[in-house]
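The values are calculated or read from the model by the stated rules, or taken from the named source; none is laboratory data. These numbers come from a predicted model, not from an experiment. Cβ atoms come from the backbone with ideal geometry, glycine included; neighbour counts cover every protein chain shown. Surface areas here come from the heavy atoms of the whole protein model, side chains and all, with no ligands, DNA or RNA. Shrake-Rupley method; radii C 1.70, N 1.55, O 1.52, S 1.80 Å.
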Amino acid sequence: VDLGIIFLRNGARVEYLQVSSDDPPPSPTATPTEKDEDKDKPTKSKNEIDGAGDAISCQGMSCTVKREFVSQLLANPAVLAGQGNARPYARDDLKGFRLSRVKKGTVPSMLGLKSGDVITGINGQPLDSLDGAMKLYARLRNASHLTVDLTRNRSGERQELRLDISIL
C-alpha cells in the first residue's frame, strides 16, 4: 500500500488498485523474469558440444584441452559427426585430409582450424590415407600432446602451419 494505491503482483506484472485520490495512477512496471535474466548470459552456439567452451583454451596456434573432455569425445565419437567433415585429399603434391563444414562453435573451430585446411600429419606421422588415420587414432588416444601439421590455402598462397595441443 502506498499513498492510496495497493500494488498487486500478477505473475511478472505489477498491477494496482487505486483506493483514493484524483491523481492518475503510476504506470505499471514489469519485474524481471528468468527469461529476461537469461538474455544477459552469453549464448552457446548450437554447434558447441556441452563443456567444450570450458575444456578448450587457445592462444594462437597453441591450445590446451582437458583430458576429461577428450575422454568424453572418445567415449561417444558420434558427437563429433556434426562438427565438420574430413575427407582424403591428394592434389598438387599435397596429401592429407581436407576439412569442410567447420562451423563456429565446433571443436575444430575452437582449435583454430578452418574449412579448407588440409591436415597433413599428426605428431610427425604423415596423414595420407584412411588406414593411416585409423592407426594414428589408436596410438594417440592416450597422448598428452599432439602436434597437428596442416596446410592452409588462402588467396592462392599455401601456408604451412602447426597446431600444438596439450591434453591436461
Q.
Assuming a strict under-25 Å limit between Cα atoms, what lysine pair count do you get for the range 65-168 once near-sequence pairs (fewer than 8 apart, same chain) are dropped?
A. 10
Q) With the other protein chains left in place, how much accessible area per residue, in square angstrom, belongs to the range 112-168 at a 1.4 angstrom probe? A) 59 Å²
Q: Sort GLU15, GLU160 from largest to smallest accessible area, using a 1.4 Å probe on the heavy atoms of the protein chains.
A: GLU160, GLU15
Q) Carbon-plus-sulfur fraction of the accessible area of the range 49-168, 1.4 Å probe, in percent? A) 49 percent
Q | Shape of the range 81-151, Cα gyration tensor, a/c cut at 1.5 | A | oblate
(Q) Suppose each label sits 7 Å from its Cα in the direction of the beta carbon; what would the THR64-LEU168 distance come out to in nanometres? (A) 0.1 nm
(Q) Net charge around LEU168, counting only other residues with Cβ within less than 9 Å of its Cβ (Lys, Arg = +1; Asp, Glu = -1)? (A) +2
Q: Could you tell me the accessible area of ILE122 in Å² (1.4 Å probe, neighbours in place), rounded to the nearest ten?
A: 30 Å²
Q: Determine the distance separating the Cα centre of the range 45-101 from the Cα centre of the range 133-168; give it in Å without decimals.
A: 10 Å
Q. What nm value, rounded to one decimal, do you get for the distance between ASN10 and LEU74 when each label is placed 7 Å out toward the C-beta?
A. 6.0 nm
Q | Label-point separation, ASN123 to GLU157 (7 Å along Cα→Cβ), nm | A | 3.3 nm
